[in-house]
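Chemist: Mind looking over this structure? Questions follow.
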Amino acid sequence: MGHDAGVTRLQIVLAVACGVSALLVAVQILRNRLVGKGILVLLGLIELGLVVQLVLGIGMAFDAPAGGSVATWVGYLVGSLVVLPLAVGWSWAERTRGGTAVILAGLVVVPYLFVRLHQVWHPVA
């Protein structure tokens, strides 16, 4: 299994985890509650997976495909890593339903960044 397949599998697992987390956060929003420790632990595990993705992805940057932009690739890797911490920080600063919704938005953005990573690494000619 090459790094590319490993990153793709990891991204699928992380996207599912983001989806489950998004559902849990949506329930908290509907109940007008802040996220609890359980959800924060799940977000931490997702973040750990994103660190692994960053390490694998930087390793892949040395074997960039023709037409693939290494700078854009690394930018999306780093971007996906910072989205959730920024969202959680925002929600802590704004302890309202809106602040919790920012976490939900972050959980939607991360899988989208996976799609963009794939598009950057496998450009259509």
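Chemist: Which residues, taken from segment 81-94, are farther than 21 Å from Ala26 by Cβ and surrounded by 14 or more Cβ atoms within 10 Å (Cβ to Cβ)?
Modeler: The one that is farther than 21 Å from Ala26 by Cβ and surrounded by 14 or more Cβ atoms within 10 Å (Cβ to Cβ): Leu81.
Each row is one residue, and each column tells you yes or no for (1) closer than 17 Å to Leu10 by Cα; (2) at pLDDT 90 or above.
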{"position": "Leu45", "(1), (2)": "yes, yes"}
{"position": "Leu50", "(1), (2)": "yes, yes"}
{"position": "Pro65", "(1), (2)": "no, no"}
{"position": "Val70", "(1), (2)": "no, no"}
{"position": "Val88", "(1), (2)": "no, yes"}
{"position": "Thr96", "(1), (2)": "no, no"}
{"position": "Val109", "(1), (2)": "yes, yes"}
{"position": "Leu117", "(1), (2)": "yes, no"}
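Chemist: Could you check segment 20-56 and list, in sequence order, the residues that are farther than 15 Å from Val83 by Cβ and small (Gly, Ala, Ser)?
Modeler: Within segment 20-56, Ala26, Gly36, Gly38 qualify.
Chemist: Oh, and also: When you look at Leu77, is it under 19 Å from Ala17 (Cα atoms) and at pLDDT 90 or above, yes or no?
Modeler: No; evaluated as a whole, the condition is false for this residue.
Chemist: Considering only residues of segment 26-79 that are among the hydrophobic types (A, V, I, L, M, F, W, C) and part of a loop (DSSP other than H, G, I, E, B), which is surrounded by the most Cβ atoms within 10 Å (Cβ to Cβ)?
Modeler: My answer is Val35.
The values are calculated or read from the model by the stated rules, or taken from the named source; none is laboratory data. Quick caveat: nothing in here was measured; it's all calculated off a predicted structure. Neighbour counts run over all protein chains shown; Cβ positions are idealised from the backbone, glycine included.
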